[in-house]
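Q: I have a structure I would like to understand better, so I am pasting it below and will then ask my questions one at a time.
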């Protein structure tokens with residue numbers, strides 16, 4: 001399946017795979033159980049420059065693109081990280097490196113990107129709100145201009161990595177929804193100094209107890225008159241909707257890459273068990289009832305990989321990729337979930353034992369159908385934009 005990858009992307013895949021092979025599912029199980037960031041893996045990614053692939057070379061990065069980030073993420077997920085790998089490539093490499101490199105001013109790039117490359121600076125992203133959910137138009141977190149600052153107040157939910165972040169990439173309204181014409185105007189993307197705001201007591205966060213992916217916390221975030229210098233606007237004030245989509249499409253593409261790598265990891269786990277388990281003298285993998293569903297997931301995974309690579313390739317060239325990003329996310333998430341379901345069935349009663357990695361894989365694969373966007377909204381997008389059907393929401 002390497003025919004569609006340039007030489008640089010293949011080198012990235014091999015480099016990250018070498019790191020992933022030094023760790024395995026047991027390591028990731030421990031991190032999840034202990035609810036701790038996989039610091040050892042992160043340190044190796046930073047030291048090798050594998051986290052800053054999309055940062056231009058003049059700022060110390062790899063000078064590559066979203067395709068290489070997707071390939072790296074897929075390799076890490078397949079190597080044992082599974083769904084946890086997504087956070088390692090979304091939070092700082094994509095939300096920070098990729099976004100600032102594409103939309104930041106020269107001053108912002110000089111100030112932030114070298115520190116990101118060295119590992120001194122980490123980022124996260126905040127758009128979702130309790131009353132808005134997937135409806136970004138309905139967000140109410142607002143930023144008002146006050147001299148040479150913006151003052152931000154509001155609330156965000158499901159913000160992953162805020163406890164580690166130095167900079168929060170925040171979407172806020174600078175024009176109330178009722179006054180915005182068109183309705184996609186009036187959004188501004190701000191780069192918030194998290195540590196400063198926490199120290200001043202204007203930003204607080206509280207982790208949300210959750211079912212899985214516990215290598216990183218996902219939190220409620222409360223903003224109460226947070227002051228952000230006007231020079232920390234990403235893109236143009238009031239024109240943040242385009243920047244926002246240039247964050248959300250890569251998020252979906254990288255989520256798809258995670259799903260592809262995760263599906264491969266789950267399939268390997270299931271097949272290893274199916275080759276070894278022989279309660280009636282013959283490995284259960286020899287039976288078509290076990291083998292065929294796994295083979296079908298393998299086919300699904302290969303197709304999802306191709307669409308993921310295509311979507312990333314388009315984004316890197318500044319071409320429209322919304323449909324491809326959505327299709328990649330939809331098919332990859334489904335492949336990972338089908339793989340987890342079949343792995344659970346393949347393991348029989350042992351799937352329920354925490355001595356096996358299937359339990360973590362099962363719960364972590366399921367959430368990918370809901371985040372970073374629910375599959376129903378993906379299907380609505382495809383129906384409207386690719387099939388020409390009436391808008392449903």
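Q: Quick check on residue 129: is it within 14 Å of residue 234 (Cα to Cα), outside any strand (DSSP E or B) and either outside the structural domain of residue 376 (by TED's automatic domain parsing) or modelled with pLDDT of 95 or more (or both)? Lay out the reasoning, then the answer.
A: Working: within 14 Å of residue 234 (Cα to Cα): no; outside any strand (DSSP E or B): yes; either outside the structural domain of residue 376 (by TED's automatic domain parsing) or modelled with pLDDT of 95 or more (or both): yes.
Answer is no for this residue.
Q: Considering 42, 50, which residue is assigned to a loop (DSSP other than H, G, I, E, B) and under 20 Å from the mean Cα position of the chain (by Cα)?
A: Selected residue: 50, the only one of 42, 50 that is assigned to a loop (DSSP other than H, G, I, E, B) and under 20 Å from the mean Cα position of the chain (by Cα).
Q: Oh, and also: Can residue 337 be described as in contact with a helix residue (DSSP H, G or I) (Cβ under 8 Å, 6 or more places away or on another chain) and closer than 23 Å to residue 244 by Cα?
A: no
Q: Return a yes/no flag: does region 99-110 have any residue that is out of contact with any helix residue (DSSP H, G or I) (no Cβ under 6 Å at 6 or more places or on another chain), part of a loop (DSSP other than H, G, I, E, B) and at pLDDT 95 or above.
A: So far as region 99-110 goes, yes, one or more of its residues are out of contact with any helix residue (DSSP H, G or I) (no Cβ under 6 Å at 6 or more places or on another chain), part of a loop (DSSP other than H, G, I, E, B) and at pLDDT 95 or above.
Q: What number of residues in region 125-151 are surrounded by 15 or more Cβ atoms within 10 Å (Cβ to Cβ) and free of Cβ contacts under 8 Å to residues at least 60 places away in the same chain?
A: 6
Q: What pairs can you find where one residue is in region 314-337 and without any contact (Cβ under 8 Å) to a residue 60 or more places away in the chain, the other is part of a loop (DSSP other than H, G, I, E, B) and surrounded by 20 or more Cβ atoms within 10 Å (Cβ to Cβ), and their Cβ atoms are less than 6 Å apart, with a gap of 6+ or different chains?
A: Matching pairs, first to second residue: 314/321.
Q: Inspect all residues belonging to region 88-100 and state whether any of them is more than 19 Å from residue 247 (Cα to Cα) and surrounded by 23 or more Cβ atoms within 10 Å (Cβ to Cβ).
A: No.
Q: Moving on. Before we move on, is residue 151 over 22 Å from residue 251 (Cβ atoms), part of a helix (DSSP H, G or I) and touching a strand residue (DSSP E or B) at 6+ places or on another chain (Cβ under 8 Å)?
A: Working: over 22 Å from residue 251 (Cβ atoms): yes; part of a helix (DSSP H, G or I): no; touching a strand residue (DSSP E or B) at 6+ places or on another chain (Cβ under 8 Å): yes.
Judged against the criteria, residue 151 is not a match.
Q: Residues in region 84-97: is at least one within 21 Å of the chain's Cα centre (by Cα) and over 26 Å from residue 43 (Cα atoms)? Before the answer, list the steps.
A: Kept after step one, since they are within 21 Å of the chain's Cα centre (by Cα), are these residues of region 84-97: 84-97.
Those still in the list that are over 26 Å from residue 43 (Cα atoms) too: none.
No: region 84-97 contains no residue that is within 21 Å of the chain's Cα centre (by Cα) and over 26 Å from residue 43 (Cα atoms).
Q: Does any residue of region 166-179 turn out to be more than 27 Å from residue 393 (Cα to Cα), surrounded by fewer than 16 Cβ atoms within 10 Å (Cβ to Cβ) and in contact (Cβ under 8 Å) with a residue 40 or more places away in the chain?
A: Scanning region 166-179 turns up no residue that is more than 27 Å from residue 393 (Cα to Cα), surrounded by fewer than 16 Cβ atoms within 10 Å (Cβ to Cβ) and in contact (Cβ under 8 Å) with a residue 40 or more places away in the chain.
Q: How about region 23-36: which of its residues are at pLDDT below 95 and not in a helix (DSSP H, G or I)?
A: Listed by number, the residues that qualify are 23, 24.
The values are calculated or read from the model by the stated rules, or taken from the named source; none is laboratory data. Quick caveat: nothing in here was measured; it's all calculated off a predicted structure. Don't worry about glycine lacking a Cβ; one is built from the backbone with ideal geometry, like all the others, and counts go over all protein chains shown.
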